[in-house]
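Everything below concerns the one structure shown next.
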Amino acid sequence: MSGTPDGAAPPFLPRPRRWERAQGVLRLDATSTMGALDSLRRVTDWFRSELSMASGLGLHPAPLAEATIRLGLDPALPAEGFVLEITTTHLSVRGGDPAGVFYGLQAVRQLLPPSAFARAPVGDGPWDLPCGVVEDAPRFAWRGVLLDVVRHFLPLDDVLRFVDLLAMHRINTLHLHLTDDQGWRLEIDGYPRLTEVGGWRRESQVGAGDDAPGDGRPHGGWYTRADIAQIVSYAADRFVTVVPEIELPGHVQALVAAYPALGAGLDVGPDGRPLAPEVWTRWGISDQVLSVDDATVAVLCDVLDEVVAMFPSPVVCLGGDESPKGRWQDDPRVAARRAELGGATDPELHNWFVARLAEHLGRHGRRAMVWDEVLEGPDVPGVVVASWRGEHGVRVGTRRGYDVVSSPAGRVYLDYRQSDDPDEPIPTGAVTTLLDLYGFDPAAASAAASGTAGPDAAATGVLLGAQANLWTEHIDSRQVLEYMAFPRVAALAEALWSAGERDGKEFLERLVVHLGRLDARGVAYRRLDGPRPWQKRPGVLGDMRAPDELEAQLAQMVAAFDEKP
């Protein structure tokens, strides 16, 4: 990437493949116009709306060849790639697809003052764009963030705001974690008790540890079908795919609370019916697990039918992580299934269950995504593996033919503490700094990267990309969410978008400019020198681990993986 004059840091984040500065500027004013192909209507609508809020500029429509801003497509460019050219008379953005044009316009905004990201006019400009050429395309196709809305529910408007912030950083996947032990957040018409019962819990744990108190305050909420339609549409207009996650066969206490007949190994009441647990009020992993009988599979298939009707994503996550097996041992329905499968072991039974539901998704033309516990049992054809227990699962998964998304806990978990500062709010996990995210390379442990076979000739799987995860046990508001996510998401964005060598010092120079954009949007990010007084949580204990302690724990967890070629 070429530098700007006088040694100033280039204004872009993520860093583009090429930036050539030329003499002169293009001034945008009340006479400036915009022209585009009809297929780019939603892109032009978005850009006109965003820029007009901050500048008051109308960017009235004009014929493509005569407009000040000209948007088009170029089939020679890669997916999501773009070329931006700015002269003293006009600017043009050519994209390999509409997403590429969208990202080209995001680059245009970064050439304007930070106030171009405000939600209302805060000055008269000038709105000058430096002349030059930007050529860019992403390194990875899957650039994601998981948002857990179970442990603490995030209202609709806050989800839409988060989508905007992801799109601003060219993150194209929002993995929405919708169900778990502590709640069920998705309206399902055929099973209303999922939200009527599973959508609320009587209180929430405050802090970490077995002795952490409850807050005595009911918590809950869920998204209606209309809410989901709005989230999906809003995200699509910003080229963000929403991937829903329905957890199974573990992390299901809220589901079992609503429909106890689906649970395995439950106590039975005087009437012979299984006794329902309450929606869990603690963090961690409940011992509740689903049965594997035909009736339970049928209910989950019904639920998935409604899920795919709401979410057009080509991938639906089925969870499959941290599934306890204790309640399987004494359940007659589970015993019958084991016998039917020839005495299946727990990993075999787990993967059989996941495979049945993955096959059902396949009949809808969708792929299942599962966490890397699937690698402990027989192969489940066609699923995408999300590797969270270190980078080991990336290597093993691709070697065994799976397409993989890298999400190692020790590198990209955004609920982990950001420094050793004792004032970090409810510090948990190992330290995961801004520069840790910036230095993350998903391909480092992969046998197949970016669709191209790597050094291991036997590899048949593909590393699709990576995602960071935001688990919200200790994130109870939009402000805390933004503190934990930003600016680390900016570092993740560059790690997943930009190719080439990393330079932490140069990145920080560009980040300082970028923080002005976050300020203009009112983002409650973590300042580089630490939390502000109102961002601290004194007296609320976390669960801190050293990096080597975390690595040892994860290594022990993946000991069952088969690494044979």
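In the chain, the DSSP beta bridges split such that about 40 percent are antiparallel, to the nearest 5.
Quick check on region 287-353: take the gyration tensor over C-alpha atoms, sort the square-rooted eigenvalues as a ≥ b ≥ c, and tell me if it's rounded (a/c under 1.5), prolate or oblate.
On the way: a/c = 2.27, a/b = 1.93, b/c = 1.18.
Prolate.
Using the Cα centre of region 5-136 as the reference point, and only Cβ charges (+1 on K/R, -1 on D/E), how large is the resulting charge dipole? Debye, rounded to the nearest 20.
On the way: 12 positive and 15 negative charges, 35 e Å.
For region 5-136, the charge dipole is close to 180 debye.
With the convex hull of its Cα atoms as the shape, region 229-301 has an orientation-averaged projected area of 6.9 nm².
If you place +1 on the Cβ of every Lys and Arg, -1 on the Cβ of every Asp and Glu, and leave all else neutral, what size is the dipole of the chain about its Cα centre, to the nearest 20 Debye? It works out to roughly 1300 debye. The residues neighbouring Pro138, those whose beta-carbon lies less than 9 Å from its own, together hold a net charge of +1 under the Lys/Arg +1, Asp/Glu -1 convention.
The ranking of Ile86, Ile285 by Cβ neighbour count inside 10 Å, starting from the fewest, reads Ile285, Ile86. Among Cys301, Cys131, Cys317, a tally of other beta-carbon atoms within 10 Å of each Cβ gives an order, fewest to most, of Cys301, Cys131, Cys317.
Averaging the Cα positions of each part gives two centres, and for region 358-406 and region 181-243 these lie 25 Å apart. Of all DSSP bridge pairs formed entirely within region 5-136, close to 65 percent run antiparallel.
The residue list Pro75, Ala559, Pro422 was ranked by how far each Cα lies along the charge dipole of the chain toward its positive end, using unit charges on Cβ atoms, and Pro75 comes out on top.
The numbers here are math on the coordinates, done by the rules we state, and not lab data. Please read all numbers here as calculations on a predicted model, not as lab measurements. Note: ideal-geometry Cβ built from the backbone for every residue, glycine included; neighbour counts use all protein chains shown.
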